Amino acid sequence: MVQEKTGPSPTLAPGPVAAEPRRRTPAPESKWVLSGRVAAAVAGGVLLFLSFPPLDWWLCAPLGLGLVVASLYGARPRRAAWVAFLGAVVFLLPALVWVRTIGDDVWLMLVGVESLFYAAMAVPVSLVFRLRLWPLYFAALWVAMEWLRGLVPIGGFPWARVAFSQGESVFTPYAALGGAPLVSFAVALCGALLAYALLRPATGVRQAIPLALALLVPLLGLAVPRPADEGRTVNVGIVQGNVPGRGMDFLGDEPAVVLKNHAEETKRLARAVRAGELPKPDLVVLPENSTDIDPYRDAFAHRTIDEAVKDVGVPTLVGAVVAIGEEHRATRSLVWDPVTGPGAYYDKQRLVPFGEYTPFKDLVMALYDRASLVGRQSVPGEKPGDLKLGPVTIGAVNCYEVAYDDTVRETVRTGATPIVVQTNNASYALSNLPAQQLAMSKLRAVEHNRAVVTAATTGISAFVTPDGKVSWQTRELVADMTVVKVPVQTETTVATKVGAVPEWALIVLGAAAVLAAVWRRRRHDRMGNE
C-alpha cells in the first residue's frame, strides 16, 4: 500500500510560474555621480556661452557639448531633463543678458522658457544612448530642438543656436551645404564623439577611432568647395547716424533727432565723396528706423530725407516706420530715388513680439504697463525683400529676421545680391546683442555666397565678404559712414538650393532613433518578464 506524501501542496510552492512579473528598478545614483552630472552640465553651459560673441571662442562649443553629453549619459529620463535644464540656464543667462534692457523679469522668463526645450530634448537623448551610433543621434536631436525653438512659442526664438557661435570657424563652411542646421549638427556631433571616446570603456584603437572621427568632422568642413569670385562689384555707402539716448529711451527728448542724425551723416558722406576722400557710391544704405517720423505723412520728414538723398545723388535705402491705417504700422525698407523720391519697398516679415506687436494684446496690456511702449501694432509684410537699388537688386533683411533661415533664404532665392541687413540695436548698445547679430551675418554670407552689408543706428554696421570675413565695421555709439566695394555674387550654394531638406532629414533621423530606442527598451523589458 502506497502512503500519501505529507507536506505543502506543490501548487503553492514558490517558483517562476507563480511569481508576479516586475520591472527592475535601477539602483539610485550615488551623490558623487549626481555631483559629477551637475558639474559637467554647469561647465558645459559656461563653455557654450564662451563660444558666442563677443568672446567668439568657437572651439568651446564642441567641448561644451561634450560635457553636456557627459552630464546626461546613463541618466534616467527625469534626471536627464532637469540636468539639461540646469546646463541651459547656465548657458542662456549670460548669452541672453541683453534682454535685461527690457527688464530683469522678461530676461529670466525668456531664459526659463527657452531652457525647457533643452530639458525636453534630454528625455529622448537619454533613450538613444542605448543605441550603438548614439553620437549621431544626439547631434540630430540637438538640431530638432533648435528647430522647435525657432518655431514656438509666438513665432519662435532662434537666437543662441550653436551655429551662430561659428561665424568664423572650421565648422563655418558646412553652412554652404546645409545652412545653420548643418553647422549645429557638425558641432554637436564633434562634441558627442569626444564624449563617446571618454565615456566608452575601451583602450587603444577602439578609443582612438571616435577621437579621430571627432577631428575629422571639422577637417571635412575645410574641404567644402567655395564658389569663385565673379569679378563684378558695386560701391555701397553705409551710414550709421547714432542716437542720443540709451536703453528703452534711445530716441532722447529732441524731436526727429534720429532722422536729423542720419540725414546729416548722409550729407557728410556726400561731402567726402565730392572732396575725393571716398569713392562715389552706386547706392547708399541707412539703418532700420533711420527716420523716427513717417515720411509719407510728415512733410518735414519727407523734405529732410529727400534733401539728403539728392545731396548724395544715388538711390538710397531708408529704414522707416510707417503708418498703416489709423491703428497699425510697418517696419519698412524704402527705396528713395534722388529724382523720383520714395518708390519700391519691403515690409519686415518677422516681427519682434512685445517689441513691434503685442501677442495676446488685451491680456498683456492689462497685466503689464510696459506693453504700452509698443504703441501702434506692427503688421508683417508678405513678400521677400528683393529691391532694385541702383545697378543691383539687393536682398533686404530687417534686423531680427537675420536669425530666421527661411526668411533670408527666400530673399536670396529671388536672385537678390548682395544681402542688406538694416538694423536698430540702439536699445541694446554695448551689450552682446550687436556682436551676436554680426556673427549671424557672417554665417549667412557663407551659407548663400552673398556679401552682407549691415547698417545699424548705433552699431555694429559692417561689410562681410561672401566667405564670411568682416572687411569693415564700425564702433558702437558713434556716427560713422564709408563707401565699400562689395562683390556681386550670383552663383547659388547647395544650401540655398536644397533649403530645409538637410534639417528635415536630421529631424527624421533623430525621431527614428528615438522610436528604435523605445522599441528596443520595451522588447528588453518584455523578454525580462518572461
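The values are calculated or read from the model by the stated rules, or taken from the named source; none is laboratory data. Predicted model only: the values in this text are computed from it and were never measured. Here the Cβ positions follow ideal geometry from the backbone for every residue, glycine too, while neighbour counts run over all protein chains shown. Note: accessible area is taken over every heavy atom of the protein model, side chains too, but ligands, DNA and RNA are not part of it. Shrake-Rupley method; radii C 1.70, N 1.55, O 1.52, S 1.80 Å.
Remarks
- Filtered residues of the stretch 324-346 (kept if within 19 Å of GLY385 (Cα to Cα) and open to solvent by 30 Å² or more (accessible area, probe 1.4 Å)): ILE324, ARG329, ASP337, PRO342, GLY343, ALA344, TYR345
- Single residue of the stretch 481-519 satisfying the filter (of a type outside the set (A, V, I, L, M, F, W, C) and over 21 Å from ARG444 (Cα atoms)) that is most open to solvent (accessible area, probe 1.4 Å): THR482
- So LEU93, is it surrounded by fewer than 21 Cβ atoms within 10 Å (Cβ to Cβ) and not acidic (Asp, Glu): yes
- Note on the stretch 446-517: enclosed strands (runs of 3 or more DSSP E) holding 3 or more residues that are within 19 Å of the chain's Cα centre (by Cα) and of a type in the set (Val, Ile, Thr) are 452-456.
- Only one of ARG413, ARG475 that is at pLDDT 95 or above, among the basic types (Lys, Arg) and touching a Gly at 6+ places or on another chain (Cβ under 7 Å): ARG475
- Test: residue in the stretch 459-467 that is crowded, with 24+ Cβ neighbours inside 10 Å and touching a Gly at 6+ places or on another chain (Cβ under 7 Å): no
- Residue count for the stretch 266-293 satisfying the condition of being of a type in the set (S, T, N, Q) and either open to solvent by 60 Å² or more (accessible area, probe 1.4 Å) or part of a helix (DSSP H, G or I) (or both): 1.
- Odd one out for ALA80, checked against (1) part of a helix (DSSP H, G or I); (2) in contact with a strand residue (DSSP E or B) (Cβ under 6 Å, 6 or more places away or on another chain): (2)
- Some residue of the stretch 35-50 being more than 18 Å from VAL83 (Cβ to Cβ) and either at pLDDT 95 or above or charged (D, E, K, R) (or both): yes
- Residue that is surrounded by fewer than 23 Cβ atoms within 10 Å (Cβ to Cβ), more than 26 Å from ARG268 (Cα to Cα), in contact (Cβ under 8 Å) with a residue 40 or more places away in the chain and of a type in the set (S, T, N, Q), where the choices are SER431, SER427: SER431
- If the condition is being under 23 Å from TYR400 (Cβ atoms) and polar (S, T, N, Q), then the stretch 450-486 contributes THR454, THR457, THR458, SER461, GLN473, THR474.
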